[in-house]
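Rule-based calculations on the coordinates, nothing more; no lab input. Since we're looking at a predicted model, the values are computed, not measured. Note that each Cβ is placed from the backbone with ideal geometry, even for glycine, and that neighbours are counted across all protein chains shown.
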Amino acid sequence: QKEVEQNSGPLSVPEGAIASLNCTYSDRGSQSFFWYRQYSGKSPELIMSIYSNGDKEDGRFTAQLNKASQYVSLLIRDSQPSDSATYLCAVFEGGGSYIPTFGRGTSLIVHP
Amino acid sequence: DTAVSQTPKYLVTQMGNDKSIKCEQNLGHDTMYWYKQDSKKFLKIMFSYNNKELIINETVPNRFSPKSPDKAHLNLHINSLELGDSAVYFCASSQEVLNTQYFGPGTRLTVL
């Protein structure tokens with residue numbers, strides 16, 4: 001199984017700041033990329049999906065994908081204390097294997 | 001109107017016992033998954049079914065056996081439970097492979 005790497009954090013940002021979360025992956029043939037948010041004791045929930053190079057914006061969230069450099073990032077603008085959670089990067093391997101690999105997650109703390 | 005449901009939510013049992021976890025989705029999705037999330041929060045794929053056909057079978061002890069009676073259900077049976085099986089098990093579904101996954105609430109398994 002291929003690897004998906006994330007900085008475990010915690011990443012601490014003040015309320016209103018931009019939080020930047022990064023993820024690198026090893027399988028150059030990977031096709032689908034996702035960011036999930038997981039609150040403590042809860043299940044992962046989708047934040048963003050991205051399939052092609054470039055930026056994708058949804059409200060305060062922007063996902064960025066660079067397949068040549070094999071990284072995907074998530075920017076959270078105007079961070080709120082309610083954004084405090086673990087953010088999981090997920091990548092589907094290529095080559096027809098359809099195996100989803102999750103990173104270990106980055107813990108984000110937004111302090112008032 | 002829960003999208004992906006799992007039962008039971010908590011499961012406490014003795015080593016050596018056999019137990020099952022049930023999962024149901026009412027989203028009309030074709031693909032379902034089982035994940036294990038350990039104490040360090042690492043989410044790892046175990047199995048995936050697409051249209052009742054097993055398509056992912058990761059390195060999992062053969063004490064674990066998934067069963068998909070129909071597209072809406074994916075159950076997980078575990079024989080001869082061991083201490084190391086203690087974890088949170090998540091079921092998820094997606095419209096098809098490579099798509100966004102929707103997670104159930106999780107089943108916290110504790111083996112004593």
- Message: For segment A:23-44, give me the residue count where each residue is within 15 Å of A:Val91 (Cα to Cα) and either without any contact (Cβ under 8 Å) to a residue 60 or more places away in the chain or within 14 Å of chain B (Cβ to nearest Cβ) (or both).
- Response: 14
- Query: Regarding A:Thr101, is this residue of a type in the set (Ser, Thr, Tyr) and at the interface with chain B (Cβ under 9 Å from one of its Cβ atoms)?
  - Reply: yes
- Query: Hey, any hits in segment A:70-81 for a residue that's facing chain B (nearest Cβ under 10 Å) and either over 24 Å from B:Lys36 (Cα atoms) or free of Cβ contacts under 8 Å to residues at least 24 places away in the same chain (or both)?
  - Reply: no
- Residues being within 14 Å of chain B (Cβ to nearest Cβ) and in contact with a Lys or Arg (Cβ under 9 Å, 6 or more places away or on another chain): count how many of those fall in segment A:45-69. 8
- Name every residue in segment B:6-64 that is within 11 Å of another protein chain (Cβ to nearest Cβ), in contact (Cβ under 8 Å) with a residue 40 or more places away in the chain and among the polar types (S, T, N, Q), in order of residue number. B:Gln6, B:Thr31, B:Gln37, B:Ser48, B:Asn50
- Identify, please: which residue in segment B:77-112 is under 17 Å from A:Ile47 (Cα atoms) and among the small types (Gly, Ala, Ser) and is, among those, nearest to the chain's Cα centre (by Cα)? B:Ala92
- Matching strands (runs of 3 or more DSSP E) fully within segment B:17-112 where at least 2 residues are surrounded by 20 or more Cβ atoms within 10 Å (Cβ to Cβ): B:19-25, B:31-37, B:43-50, B:73-78, B:87-94, B:107-111
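Go through segment B:65-112 and count every residue that is polar (S, T, N, Q) and either without any contact (Cβ under 8 Å) to a residue 12 or more places away in the chain or within 14 Å of chain A (Cβ to nearest Cβ) (or both).
In the first step, residues of segment B:65-112 are kept if they are polar (S, T, N, Q); the result is B:65, B:68, B:75, B:79-80, B:86, B:93-95, B:99-101, B:107, B:110.
Restricting the remaining residues to those that are either without any contact (Cβ under 8 Å) to a residue 12 or more places away in the chain or within 14 Å of chain A (Cβ to nearest Cβ) (or both) gives B:93-95, B:99-101, B:107.
Residues that pass the stated criteria total 7.
Each row is one residue, and each column tells you yes or no for (1) over 23 Å from A:Ile99 (Cβ atoms); (2) small (Gly, Ala, Ser); (3) surrounded by 15 or more Cβ atoms within 10 Å (Cβ to Cβ).
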| position | (1), (2), (3) |
| --- | --- |
| A:Lys2 | no, no, yes |
| A:Ser8 | no, yes, no |
| A:Ser12 | yes, yes, no |
| A:Gly29 | no, yes, no |
